[in-house]
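Student: Before we start, here is the structure in question, set down as structure tokens.
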Amino acid sequence: MFHLTFLGTGATVPSAERGVSALLVEQEARRFLVDCGEGTLRQIRAAHLGLRRLDRILFTHGHLDHILGLASLAGTLDLWGQGHRLCLHGGADALKTARILLDQVVWPHGHPGLAVDYVPLAPGCIQQQDGLRLSAFPVRHHDTDSFGFLFEEEPHRPLDPERMEALGITEGGQRQKLARGDSIRLPDGRRLDRDSVLGPPEPGARLAVIGDCESVSSLTEVVRGVDLLVIEATYRSADADLARQRGHLTIADATTLAREAGVRQLVLTHQSDRYDPDAVLAEARSLFPPVRIARDFDRIEVRAGA
Ligand SMILES: [Zn+2]
Ligand SMILES: [Zn+2]
């Protein structure tokens, strides 16, 4: 299961209601910040999320409304001694901007206590460990080297409480041992291992996050069947010409992708304050009912098949 917290849902410029792009994705103890627009530190603090374990930022691309907040966030992580390492994943443009911000603006006089890793993105797996696979895929947006991200939990087999009950394993300590993978001894002397009390396999949740984007034509197979897709929809469908000129999507572009890819739920972000939010929601729902328009501080749980 993933927990999403939308920290900035506005397009290009912060407004009274919306910060610019930032999304926190949490899975068990892991935290990934996707983009870090101006004011992200303030949004994290306003949402009472804390800075612990905030050690990995994935940049969709290097436009300033997605990266400018890195300066104050990294500076504060260092100042407060929160963590020792910050890992930045991005295309070449995003990493170049990140280096300028950190080396020339935040820490022009030397190395901080916080070590920063700059990890160039390429299509494919970024990491696979402890039941989670994270991968990147290319996204078209102006002439940037932009990426989207796919978070996939591996299928798993949880302990079956009825099976344990039937075997008389009621004590919490014994159940914890089995959960850790240790074997236990039953009162009649038999030894029992974890595999004997596992329930049927359960699928893991799948989440796709796409930032700014000008064409969805290559994305259908990449996001096929995900439990939740987060994607920009900066323009209403009547403004398709403007969307093309500016390298962004309309509501119809995003909902068409979701429908054709069999996405279960859709969240539209990177919202322009030129529109009435009720009209945006009504238009999106008429095209793809399981949709919501992200607002700052929205929290969403993503479960497999939910
Ligand atoms: Zn943007
Ligand atoms: Zn952009």
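The values are calculated or read from the model by the stated rules, or taken from the named source; none is laboratory data. Quick caveat: nothing in here was measured; it's all calculated off a predicted structure. Positions of Cβ are backbone-derived with ideal geometry, glycine not excepted, and every protein chain shown enters the neighbour counts. Remember, those area values only see protein heavy atoms, side chains included, never the ligands or the DNA or RNA. Shrake-Rupley method; radii C 1.70, N 1.55, O 1.52, S 1.80 Å.
Student: Taking the residues in the range 12-30 that are open to solvent by less than 10 Å² (accessible area, probe 1.4 Å) and touching a Ser or Thr at 6+ places or on another chain (Cβ under 6 Å) as candidates, determine which candidate is farthest from ligand 1 (Cβ to nearest atom).
Tutor: Leu24
Student: Would you mention how many residues in the range 125-140 are farther than 17 Å from Leu95 by Cα, open to solvent by 30 Å² or more (accessible area, probe 1.4 Å), at pLDDT 95 or above and not charged (D, E, K, R)?
Tutor: The total comes to 2.
Student: Next up: Looking at Val222, is it within 27 Å of Leu287 (Cβ to Cβ) and touching a residue at least 12 places away in the same chain (Cβ under 8 Å)?
Tutor: yes
Student: All but one of (1) within 16 Å of ligand 2 (Cβ to nearest atom); (2) assigned to a loop (DSSP other than H, G, I, E, B); (3) surrounded by fewer than 18 Cβ atoms within 10 Å (Cβ to Cβ) hold for Arg244; which doesn't?
Tutor: (2)
Student: For the condition touching a strand residue (DSSP E or B) at 6+ places or on another chain (Cβ under 8 Å), away from ligand 1 (no atom under 16 Å from the Cβ), outside the structural domain of Ile67 (by TED's automatic domain parsing) and among the charged types (D, E, K, R), what is the one hit in Arg190, Arg175, Arg133?
Tutor: Within the list Arg190, Arg175, Arg133, the selection yields Arg175.
Student: What do you reckon, is Leu257 in a strand (DSSP E or B), open to solvent by less than 10 Å² (accessible area, probe 1.4 Å), modelled with pLDDT of 95 or more and away from ligand 2 (no atom under 16 Å from the Cβ)?
Tutor: Criteria not met by Leu257.
Student: Now a separate question. Among the residues of the range 132-188, write down those that are among the β-branched types (Val, Ile, Thr), part of a strand (DSSP E or B) and within 16 Å of ligand 2 (Cβ to nearest atom).
Tutor: The answer is Val139, and nothing else.
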